[in-house]
Amino acid sequence: MATIFSKIAAGEIPSYKVAEDNRYFAFLDINPLVKGHVLVIPKQEVDYIFDVDDKTLADMMVFAKRIAKAIERVVPCKRIGVAVLGLEVPHAHIHLVPLNSEADISFQKPRAKLSPDEFSELAKQISEAIV
Ligand code: 5GP
């Protein structure tokens, strides 16, 4: 059975898409730690990130790098933090989180609240900032 993230990448479940190519998909986390929290996934369905094959994993970070640079252009921050947990969704993904302090990447803190319009506008801005 397809994972929820596969369904998102396939457009079967809506998401605030930031970017995609034939192998990867990036979209806003629906329950963001901070504004600009993006998830990057391989379209290939693998649960655990360290079971992803070498080339797909390496290229995934290069894809994520382009997204991170775009987030930086849109969301004021010191840098983009990277986290991998995978405790909730069994489809490999990288969290990209704009950081102004260490606390911004604490998964125990209350999440940021954005309206649907704010999510849409943010996804559009990040998407347009990709070089
Ligand atoms: P993890 O698996 O890394 O522990 O956490 C999964 C992350 O995916 C969480 O930050 C959660 O907010 C996000 N997430 C879970 N389901 C959805 C969804 O349906 N859409 C989006 N955009 N994000 C999701």
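The values are calculated or read from the model by the stated rules, or taken from the named source; none is laboratory data. Note that the structure is predicted; figures quoted are calculated from it, not measured. Here the Cβ positions follow ideal geometry from the backbone for every residue, glycine too, while neighbour counts run over all protein chains shown. Only protein heavy atoms, including side chains, enter the accessible area calculation; ligands, DNA and RNA are left aside. Shrake-Rupley method; radii C 1.70, N 1.55, O 1.52, S 1.80 Å.
Considering only residues that are open to solvent by less than 20 Å² (accessible area, probe 1.4 Å) and either more than 10 Å from the ligand (Cβ to nearest atom) or among the charged types (D, E, K, R) (or both), which ones fall in region 33-43? Answer for region 33-43, where residues must be open to solvent by less than 20 Å² (accessible area, probe 1.4 Å) and either more than 10 Å from the ligand (Cβ to nearest atom) or among the charged types (D, E, K, R) (or both): 36, 40, 42. Remark: residue 30 falls outside the filter, which requires a residue to be within 13 Å of the ligand (Cβ to nearest atom) and over 23 Å from residue 110 (Cα atoms). Close contacts from region 15-29, counting a first residue that is within 11 Å of residue 124 (Cα to Cα) and a second that is hydroxyl-bearing (Ser, Thr, Tyr) and within 10 Å of the ligand (Cβ to nearest atom), with Cβ to Cβ under 6 Å and a gap of 6+ residues or different chains, come to 27/15; 27/16; 28/16.
Does region 48-56 contain at least one residue that is open to solvent by less than 50 Å² (accessible area, probe 1.4 Å), within 23 Å of residue 4 (Cβ to Cβ) and more than 15 Å from the ligand (Cβ to nearest atom)?
Step one: filter region 48-56 for residues open to solvent by less than 50 Å² (accessible area, probe 1.4 Å), giving 49, 52, 56.
In the following step, the residues that additionally are within 23 Å of residue 4 (Cβ to Cβ) were identified as 49, 52, 56.
Next, from what is left, pick out any that are more than 15 Å from the ligand (Cβ to nearest atom): 56.
Within region 48-56, one or more residues are open to solvent by less than 50 Å² (accessible area, probe 1.4 Å), within 23 Å of residue 4 (Cβ to Cβ) and more than 15 Å from the ligand (Cβ to nearest atom).
Within region 70-115, the set of residues being of a type in the set (Val, Ile, Thr), open to solvent by less than 30 Å² (accessible area, probe 1.4 Å) and either without any contact (Cβ under 8 Å) to a residue 12 or more places away in the chain or outside any strand (DSSP E or B) (or both) comprises 71, 75, 89. Could you list all residues from region 30-48 that are under 11 Å from residue 93 (Cα atoms) and under 14 Å from the mean Cα position of the chain (by Cα)? 38, 39, 40, 41, 42, 43 - these are the residues of region 30-48 that are under 11 Å from residue 93 (Cα atoms) and under 14 Å from the mean Cα position of the chain (by Cα).
Every residue in region 1-28 that is among the hydrophobic types (A, V, I, L, M, F, W, C), assigned to a loop (DSSP other than H, G, I, E, B) and open to solvent by less than 60 Å² (accessible area, probe 1.4 Å), please. Write out each step before concluding.
Filtering region 1-28 for residues among the hydrophobic types (A, V, I, L, M, F, W, C) gives 1-2, 4-5, 8-10, 13, 18-19, 25-28.
Retained after the next criterion (residues that are assigned to a loop (DSSP other than H, G, I, E, B)): 1-2, 10, 13.
Those that are among the hydrophobic types (A, V, I, L, M, F, W, C), assigned to a loop (DSSP other than H, G, I, E, B) and open to solvent by less than 60 Å² (accessible area, probe 1.4 Å): 2, 13.
When you check residue 122 against the structure, is it among the hydrophobic types (A, V, I, L, M, F, W, C) and surrounded by 17 or more Cβ atoms within 10 Å (Cβ to Cβ), yes or no? Even if it seems obvious, please write down each step before you answer.
Details: among the hydrophobic types (A, V, I, L, M, F, W, C): yes; surrounded by 17 or more Cβ atoms within 10 Å (Cβ to Cβ): yes.
Here the answer is yes, as residue 122 does meet what is asked.
Answer with yes or no whether residue 40 is in a loop (DSSP other than H, G, I, E, B), within 14 Å of residue 4 (Cα to Cα) and touching a residue at least 24 places away in the same chain (Cβ under 8 Å). Answer is no for this residue.
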